[in-house]
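Trainee: I have a structure here, written as structure tokens, and I will follow up with some questions on it.
The values are calculated or read from the model by the stated rules, or taken from the named source; none is laboratory data. No experiment lies behind these values; they were computed from the predicted model shown. FYI the Cβ positions are ideal-geometry reconstructions off the backbone, even for glycines, and counts take in every protein chain you see. Keep in mind that these areas ignore ligands, DNA and RNA; they rest on the heavy atoms of the full protein, side chains included. Shrake-Rupley method; radii C 1.70, N 1.55, O 1.52, S 1.80 Å.
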Amino acid sequence: MPKMKSHSGAKKRFRLTANGQIKRAKQNKNHILNKKTRKRKRNLRQGGYVNETQAATIRNMIGGQAK
């Protein structure tokens, strides 16, 4: 069998933390920022974590070991 290739789009969007969670950036921070409040944009800077429902799928895509 050939080696599994990691998903290059997922590699750019997700990071695996030391305790096995998957970090991600929040959505809605790219364009049309004028109408969003300062508070809302500030909160969007802080990252989030992926659901456990989707975590196994994303772990396979980025090439990490599934827990």
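Trainee: In debye to the nearest 20, how big a dipole does the chain give about its Cα centre with +1 on each Lys and Arg Cβ and -1 on each Asp and Glu Cβ?
Mentor: Around 600 debye, computed over the chain.
Trainee: Under the 0.36 nm per residue contour assumption, what length would be gained going from the current alpha-carbon distance of residue 3 and residue 56 to full extension?
Mentor: Roughly 17.2 nm would be gained on extension.
Trainee: Give me the extension gain from residue 15 to residue 39: residue separation times 0.36 nm, minus the current Cα-Cα distance, reported in nm with one decimal.
Mentor: Stretched out fully, the residue 15 to residue 39 stretch lengthens by 6.1 nm.
Trainee: Ok, one more. Using the charge dipole of the chain (Lys, Arg: +1 at Cβ; Asp, Glu: -1 at Cβ; taken about the Cα centre), state which of 2, 53, 33 has its Cα farthest towards the positive end.
Mentor: 33
Trainee: Further question on the same structure: Using a 1.4 Å probe, what is the accessible area per residue for the chain, in Å²?
Mentor: Accessible area per residue: 90 Å².
Trainee: Accessible area of the chain with a 1.4 Å probe: how many percent of it is carbon plus sulfur?
Mentor: Its accessible area is 49 percent carbon and sulfur atoms.
Trainee: If packing is taken as the mean number of other Cβ atoms within 10 Å per residue, what is the order of 42-52, 27-37, 13-23, highest first?
Mentor: By packing density, highest mean first, the sequence is 13-23, 42-52, 27-37.
Trainee: Take every Cα pair under 8 Å in the chain that's 6+ residues apart, average their separations, divide by the length, and report that relative contact order as a whole percent.
Mentor: Relative contact order comes out at 40 percent.
Trainee: What are the extents of the Cα atoms of the chain along their three principal axes, in Å, largest first?
Mentor: 51, 23, 19
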